Amino acid sequence: MAVRQTLPVREVLRGRHISWVDVVVGAAIIAILYEVVHLGQSLAVNFTPGRTPVVISTDISNVPYYAARSLLRMFIALALSTVFTLVYGTAAARLRRAEKVLVPILDVLQSIPILVFLPVALTFFIKVFPNNLLGLELASIFVIFTSQAWNMTFSFYHSLIAQPTELDEAARMYRLTKWQRFWKLDVPSSMIGLVWNMMMSMGGGWFFLTASEAVTVFIKGKGISESLPGMGSYMAAAVAHGSYMQVTIAIVVMVILVVGTNFFVFRPLVAWSDKFRLESSESADKPKSVVLDILQRSSVPKLAGRLSRPVGRALDRITRPFGLAEYPLRTDPRKRQVGDVIFWSVIFAVSAAVAVIGLIYLNSHLGFARFPSLIEFGLATFARVVVLLCISTLIWVPVGVKIGLSPKLSRFAQPVVQVLASFPAILLFPFATLIFIDLGIPLDYGAIVLMMLGAQWYILFNVIAGASSIPNDLREMMVTMRLTRGQRWRQVILPAIFPAYVTGGITAAGGAWNASIVAELVSWHHHTLNAYGLGNYIATASIQGKFALLIAGGIVMSAFVVLVNRLLWRRLYAMAESRFTL
């Protein structure tokens, strides 16, 4: 056994000297692991309810530590989101019965405001980790996870259901196991869209960082404000003090974090994922990354890959009994019908039980007389979402196509787009509040602009991913056939990016509903502006700690999102799957 473990190392290092690249990569890995362990030790400290809350210092000397804590939370949440995406998206795309339930549940989950998730997460994790700040840390990570996971899952799910028929037939012909098909076909074919949505997810996490790090814990009906060290709580403290200097420092640090994350993480991923493009001719101008070039020149990744091969072989043996990626065996239609009846009966029973419990709770704590006014609030916010989607589509579809079709332009535009999308737009809200006050603009209209700052990027990122996935063959065909600009758009570009646009549209709509919570109620120091809408209602209920009002607002918002998804976005998904799959 010991010989087998050392063979990969000898094979990699045989005939090769350790270069400066290996030293740099190894030192970087050790430094990252050390910093993660060091920060991880500070996540769990004693927490006694009712004690004096942690005071977030706005001293600039604390900013590096706060930035590192926030960055660690973001990447932990992103890792959890990636695992959730791969498991949930595969189940929704590959299991016939489960798809009918999992996709609607995903619609509901992406529509639930994070302020509804927050008290539930706080209650759960504080119960699991009593008298320990780790409960608040995990609740913060969970809330960031809820702002990252849904668009990644939608992207992966759609990539699976829109897979080219030829690749599907090849996987069956070569009798790949389900595990082999997952890693050799499913994940690679969805990689370009998944990477761009991971970047967008980081932006969504930064957007709600303040809400996740500055929380209020209600103990015996008394609200206790608790802040976790991080850039989100630093921003909240800077806004509360009304200090332009501290807000500017937060903005500069956030830009540095975003640019650094793009350079060291996402730019290498974009360049690496380009090899999974489906095409028969190779483009001469490909995405590049200095970090990826260094990693490819180093022996460390090769060594790690060889050391992990026994694990891959073991997993292949373990998962082989689950079957091959073949067509399902023919089953008796009567047995299948009976199975469907049992399945839907269980789903109906569980749904009915949850609905009855929820109705009893709302009736006892709130009553149903409030719901007509909640629907009116929802219609006002829905109108803002529609206007936002129309404006974002007209602006960002042409821009996204231009960036996606030009790798040379993408190298310069991607960092800019990444900064704009990942930059917490909530930092700009105080300045927007002052502008609205000076110009006399009601927040009823200004909220559309604020919501766009957080939601429009979903459309841009997915359109870029869709355009960059267009095979080079089609691009050369447009040039060879001398198609006019209008013909290129009608016959090639729009059909090719349509599936990605649908994913961007459905996640942008969900993001806009969530952004309404912070866009319809804004403040700067002693100034507060309100907009008529459901987001304002939910934000106010959260501030007041009225959980029943919060649940009622979340139910109405979820109903709006699910209804629109059923009537519009699902039909567009079906059209994309049947007519516009490359």
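The values are calculated or read from the model by the stated rules, or taken from the named source; none is laboratory data. None of the values given here were measured: they were computed from a predicted structure. Note: ideal-geometry Cβ built from the backbone for every residue, glycine included; neighbour counts use all protein chains shown.
Under the condition of being basic (Lys, Arg) and in the same structural domain as Tyr234 (by TED's automatic domain parsing), which residue from the stretch 13-72 is modelled with the highest pLDDT?
Arg69
Does the stretch 144-152 contain at least one residue that is over 20 Å from Arg571 (Cβ atoms), touching a helix residue (DSSP H, G or I) at 6+ places or on another chain (Cβ under 8 Å) and surrounded by fewer than 22 Cβ atoms within 10 Å (Cβ to Cβ)?
no
Residue-by-condition table, conditions (1) touching a Pro at 6+ places or on another chain (Cβ under 7 Å); (2) at pLDDT 85 or above; (3) farther than 17 Å from Val385 by Cβ:
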site	(1), (2), (3)
Ser523	no, no, yes
Tyr532	no, yes, no
Gly535	no, yes, no
Asn565	no, no, no
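Could you look through the stretch 465-491, keep only residues that are under 30 Å from Met152 (Cβ atoms) and among the small types (Gly, Ala, Ser), and pick out the one that is surrounded by the fewest Cβ atoms within 10 Å (Cβ to Cβ)?
Out of the qualifying residues, it is Ala467.
Any residue in the stretch 486-502 that is at positive phi and assigned by TED's automatic domain parsing to the domain that holds Val120?
No, the conditions are met nowhere in the stretch 486-502.
Please tell me if Ala92 is assigned to a helix (DSSP H, G or I), more than 19 Å from Ala515 (Cβ to Cβ), touching a Phe, Trp or Tyr at 6+ places or on another chain (Cβ under 6 Å) and of a type in the set (Gly, Ala, Ser).
Yes: the conditions hold for Ala92.
Would you point out which residue out of Ala353, Ala380, Ala325 is outside the structural domain of Lys184 (by TED's automatic domain parsing), surrounded by 10 or more Cβ atoms within 10 Å (Cβ to Cβ), among the small types (Gly, Ala, Ser) and modelled with pLDDT of 75 or more?
Within the list Ala353, Ala380, Ala325, the selection yields Ala353.
For the stretch 356-382, how many residues meet the condition of being closer than 17 Å to Thr540 by Cα and not in a helix (DSSP H, G or I)?
Residues flagged as closer than 17 Å to Thr540 by Cα and not in a helix (DSSP H, G or I) within the stretch 356-382 amount to 1.
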